[in-house]
1. Helix 149-158 sits at what angle to the longest principal axis of the chain, using alpha carbons and giving 0 to 90 degrees rounded to 10?
2. Take the alpha-carbon centre of segment 457-487, take the same for segment 523-602, and report the distance between them in whole Å.
3. Using the alpha-carbon atoms, what tilt in degrees (0 to 90, nearest 10) does helix 38-61 show relative to the longest principal axis of the chain?
4. Rounded to the nearest whole Å², what accessible area per residue is found for segment 328-369 with the 1.4 Å probe?
5. Name the long-range amide H neighbours of ALA487: under 5 Å, sequence gap of 5 or more, or other chain; modelled H, no Pro or chain starts.
6. Once neighbouring chains are kept in place and the probe is 1.4 Å, which whole percent of the accessible area of the chain is contributed by carbon and sulfur?
7. Share of antiparallel DSSP beta bridges in segment 53-297, in percent to the nearest 5?
8. Given a cut-off of under 8 Å on Cα pairs at least six residues apart, what relative contact order in percent is computed for the chain?
Amino acid sequence: VQGTGGSSAVSKCSAAARGYIQDRFLQLLAGRRRRRAPLIHRGYYIRARAVDHCVQDFLLKTQSLPRTQIVSLGAGFDSLYFRLKDVGLLHHTVVYEVDFPNVACQKAALIKGMKELSALVGDTGGEGLGSITFSGEDYKLLAVDLSELSELERTLEEAGLNNEIPTLFIAEVVLTYMENTRSDALIQWTAEHFPHACFVVYEQVLPEDPFGRVMQQHFRQLSTALRSLAQYPDCEAQLRRFLGKGWTECSVMDMNEFFTCCIPEDEQQRVQTLEPFDEYEEWHLKCSHYFVLAASKGMEPFWTPLLPSVTVPRHAGPVGVAGSVPAAVCARLSGIPGLKRYGHHSVLIKPNMILTTGGFGEEDGQHCRMRSFHVLSKRAGCWEAVCVTQNIPDKRWGERLYHTVSCLSDTLALVVGGRRSPSSTGLGTLWLKFPKTCNASGPDSVAVELVSLQPPAEAAALRWRHSTTEITFKGEQYLFVYGGRSALEPVLGDWYFLHTPELSCTAIAVEGPVPESRHSHSACSWEGGVLIAGGLGAAEQPLGSVFLLRELERGFQWQTIETHPPLVPRYSHTAHVHEGKLLLVGGVWFHSSSVPGITVIDLMTGLCLDYVINVEHLEWPLMLHNHSTVFLPNEKELLVIGGGGNCFSFGTHLNPEPVLLSLSSILINH
């Protein structure tokens, strides 16, 4: 547990070096420098913003009072005091920091050994008294184990803490490492002993969904188990916890809500453009698994809560669940190397034959961009997989994520777009050619040919997280390339009609209200047109709209499909159409009580029903984002291949095996 403070200081330091947060003191306190990934930077940015928001608000609302106090519990190597002192916000406030003796002594030595820090504090020589390791006029550093409440009380009193003046307590990923009886006692003690106080908490929630299970496993491996989660698994439970322990006002929000509600739009845009970034799913999942809570009591005369009440639709109640869909491991495919991947694409190239290409995954025990192609084929009722050799002029063309593959005939498929890294330009277009006849396990090899498109068609291919859908216009076949993102544009709303097979760009009139720009949406062919559902919009917000691009006499028309109840906004899902029903599979949403399962939309009536996926027969967390699915209409089954991602600092989770979802009950009942 003591090690987590140092690691968190290094991550904050890396975020500051890249311009996410302004903090010149972190480097002095963190000691070592290590460059972290953009996803980690965003995670520590939102953490710092959430705590700072509450601290600044407390200081602002109490600035007319003669004296206030801040008590940082489990402060680690945090720079809060130095930042506040540096900008002149501590005229009448004393900061008390508490941590394990080992940590507090290390920090005290750091401060004494650095002119820049010791000059700000002004050492008054009060240290050495019991557990006080450093004492300045407005800064006290105390060496106490927080679980020893009587010792904590005695040391705070000795250091001069005054119960009668307004006090802000901060616990930033601290209480969860304590036994619940001890952390509950601490929360209750602060409420009982401080008549005018606030308490700010930042820590984890939602332990039982797939991301939560990976998160818990990570902390268990570090011997820092998250102890509060079993008893307080969500924001509502934390709210009840504080109200039940003597605090009179309490507000709480997860980090998706905080980012949307409490960070101004221009600041959101600034952060979103600091570094090339393409890990939206993991960012939003990380944010849904952390919360900030602000409780208060006795602050009413000059007080409004530190956190606003949430103004965005919260979808706090459970999604109305119409039933469940059983999931089962695809027995013959278990343990096949190369099927653990995400950001790939799978397509039916012949009846009972699926080609999977690209993505990021596991090959020869290493995590890497996937070069290998895999063919899955069904023989005697069982699925099997083989790795297929590619005849390819340049190996790098095979290493792509977030591309599309469209099967144009039983010998020909077209790969459009994709990327290598988030800062790379799109990767253009490839033909995949396979023999007309092949054995039951699939083609022995796939010939790959580069396609050079002429402008403007070239622009259609320099993107990723887009969709490519087969449509018909006046009896002619086209590919409709829509949306996505590129290295220059974080979200695209344009489209192209590519006439097949020569891939010339054709101008076809499109009427109606243009859908807002999006990527990571789904697109399905339906009645000669295209159904677009969900996606991530311009402000990195999930969308809940469904559009039909419908064929008219002289072109196409965008039509909105109204759903009721309204579709919960989502992205990174897959979709299929079956007998007038649109099936949306998985994805990411800002919904705290559950993860997306399968949503069935009746395209005639707009009725929208949600089904959970029953994973009791799976021995591992099933992550349904960045996955691919193939619908098998005869069996009324969905084959899920791959999925998962880089779970913040908790490690990469890849669904280890393909999974079959049986839809027979929901497609009959619907």
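The values are calculated or read from the model by the stated rules, or taken from the named source; none is laboratory data. A quick note: this is a predicted structure, and the numbers were derived from the prediction, not measured. Only protein heavy atoms, including side chains, enter the accessible area calculation; ligands, DNA and RNA are left aside. Shrake-Rupley method; radii C 1.70, N 1.55, O 1.52, S 1.80 Å.
1. 50
2. Each part's Cα centre sits 17 Å from the other's.
3. Relative to the chain, helix 38-61 is tipped by roughly 40 degrees.
4. Numbers: 1750 Å² over 42 residues.
I get 42 Å² per residue for segment 328-369.
5. Those lying under 5 Å, H to H, from ALA487 are GLY426.
6. Details: 13260 of 25660 Å².
C and S fraction of accessible area: 52 percent.
7. Numbers: 18 of 40 bridges.
Taking every DSSP beta bridge with both residues in segment 53-297, the antiparallel ones total about 45 percent.
8. Details: 1510 pairs, mean separation 69.2, N = 670.
RCO, the chain: 10 percent.
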